[in-house]
Amino acid sequence: MTEPAASEPRLSATILLLRDAAPKPEVLMVKRHYEIDFAAGALVFPGGKAAAADASPDWDDWTDGDFGPVQQDARIAAIREAYEESGLLIARRRALRGPGAPLVGPDIAGLLSPHRSAVDRGEMSFLALMKEHALVLALDSLVHFGHWITPVMMPKRFDTHFYVAPAPLWQIAAHDGRETTDAVWLTAEDALAQERGGSATIIFPTRMNLAKLARARSVDDAISTFGAEPVISVLPKVGKSPDGEPCLYIPEEAGYGQTMELLSRVNV
């Protein structure tokens, strides 16, 4: 009997929004709703699957930065998902656009906040919303941080790009109440401590990217350090540990400081 073919992974994007705090920068994390079919109840970064509309060529005039088809689509998806799940909007006024230009403040984010649910449900076009308010997405403010592909034996697979970005100043993050039930700012160390203590569920890729983020001493340090490092694709492979236990292996060159994870520790 032949083995069933692996499902094709879907393009997805996740964003680590950072703000400075003492002694280490904090990252925005949201808690997945318990009735969601993937990572239910887990503490995650805002993100999700790319939508067909994220790949529309019409976005070209409404984005800052040129990153090619996959990276542009993923960055648009990351910003859209952050808006839907947290209300934070990584955008600029079109009249003041350009790489490095200031992002919109809480006035614009608050004005657009009531439309989050409609965009999330596909009842309103995110692009049309940007056009209506003369805004462009600041794709250039995102730094490529990681690339994880779901193992081939999983029934649902994702081709996920992780980004780090400074959180927009003065905007207020709030969970959406549908896909997420909480929005919190945590240092990477605090999030990992919650997972070790049993008060939080964190899936394997999220845990590894938190461990990587823990190297950063500030938001600027995270942007400069990770922006200068190559991103190595991670496709975990099933194997056995030296003790014979089922595990996943990831490439050493990916820079996570860990190459093996017991399957008993992989929350999905």
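Exactly one condition in (1) modelled with pLDDT of 95 or more; (2) in a loop (DSSP other than H, G, I, E, B); (3) of a type outside the set (A, V, I, L, M, F, W, C); (4) surrounded by fewer than 21 Cβ atoms within 10 Å (Cβ to Cβ) is not met by Gly100; state its number. Gly100 satisfies every listed condition except (1).
Residues that are closer than 24 Å to Thr201 by Cα and surrounded by fewer than 12 Cβ atoms within 10 Å (Cβ to Cβ) were ranked within segment 246-264; the one that is modelled with the highest pLDDT is Gly257. Every condition in (1) surrounded by fewer than 20 Cβ atoms within 10 Å (Cβ to Cβ); (2) of a type in the set (A, V, I, L, M, F, W, C); (3) touching a residue at least 12 places away in the same chain (Cβ under 8 Å); (4) not in a helix (DSSP H, G or I) is met by Leu111 except one, and the failing one is (4). For segment 117-134, enumerate the residues that are modelled with pLDDT under 95 and buried (at least 17 other Cβ atoms within 10 Å of the Cβ). Matches in segment 117-134: Asp120 only.
In the condition set (1) on the phi < 0 side of the Ramachandran plot; (2) assigned to a loop (DSSP other than H, G, I, E, B); (3) exposed (fewer than 14 other Cβ atoms within 10 Å of the Cβ); (4) hydrophobic (A, V, I, L, M, F, W, C), Val231 is compliant with all but (3).
Screening Leu129, Leu88, Leu186 for residues that are of a type outside the set (Lys, Arg) and more than 20 Å from Gly48 (Cα to Cα) leaves exactly one candidate, Leu186.
One line per residue, one yes/no per condition, for (1) in a loop (DSSP other than H, G, I, E, B); (2) touching a strand residue (DSSP E or B) at 6+ places or on another chain (Cβ under 9 Å); (3) crowded, with 21+ Cβ neighbours inside 10 Å:
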position	(1), (2), (3)
Gln72	no, yes, no
Ala77	no, yes, yes
Arg92	no, yes, yes
Phe145	no, yes, yes
Val152	yes, yes, no
His161	no, yes, yes
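Looking only at residues of segment 105-123 that are under 22 Å from the mean Cα position of the chain (by Cα) and aliphatic (A, V, I, L, M), we find that the one that is nearest to Ala53 (Cα to Cα) is Val119.
If you filter segment 115-142 down to residues that are assigned to a loop (DSSP other than H, G, I, E, B) and without any contact (Cβ under 8 Å) to a residue 12 or more places away in the chain, you find that the one that is nearest to Ala13 (Cα to Cα) is Arg121.
Residue-by-condition table, conditions (1) in contact with an Asp or Glu (Cβ under 6 Å, 6 or more places away or on another chain); (2) among the hydrophobic types (A, V, I, L, M, F, W, C):
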{"site": "His133", "(1), (2)": "no, no"}
{"site": "Val136", "(1), (2)": "yes, yes"}
{"site": "His144", "(1), (2)": "no, no"}
{"site": "Trp148", "(1), (2)": "no, yes"}
{"site": "Asp182", "(1), (2)": "no, no"}
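Between Glu81, Glu85, the distinction of being out of contact with any Lys or Arg (no Cβ under 7 Å at 6 or more places or on another chain), in a helix (DSSP H, G or I), under 26 Å from Ala21 (Cβ atoms) and modelled with pLDDT under 95 belongs to Glu85 only. In the set (1) closer than 17 Å to Ala13 by Cβ; (2) modelled with pLDDT under 95, Leu186 fails one condition alone, (1).
Yes/no matrix, rows are residues, columns are (1) surrounded by 17 or more Cβ atoms within 10 Å (Cβ to Cβ); (2) under 12 Å from Leu43 (Cβ atoms); (3) touching a Leu at 6+ places or on another chain (Cβ under 7 Å):
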| position | (1), (2), (3) |
| --- | --- |
| Leu139 | yes, no, no |
| Phe158 | yes, no, no |
| Glu195 | yes, yes, no |
| Gly198 | no, no, no |
| Thr206 | yes, yes, no |
| Leu213 | yes, no, yes |
| Asp221 | no, no, no |
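Looking at the structure I just gave you, is Ser199 out of contact with any Cys (no Cβ under 8 Å at 6 or more places or on another chain) and more than 21 Å from Leu88 (Cα to Cα)? Spelling it out, Ser199 is indeed out of contact with any Cys (no Cβ under 8 Å at 6 or more places or on another chain) and more than 21 Å from Leu88 (Cα to Cα).
The values are calculated or read from the model by the stated rules, or taken from the named source; none is laboratory data. This structure is a prediction, so every number in the text was calculated from the model and none was measured. Glycine also receives a Cβ, built like all others from the backbone with ideal geometry; neighbour counts cover every protein chain displayed.
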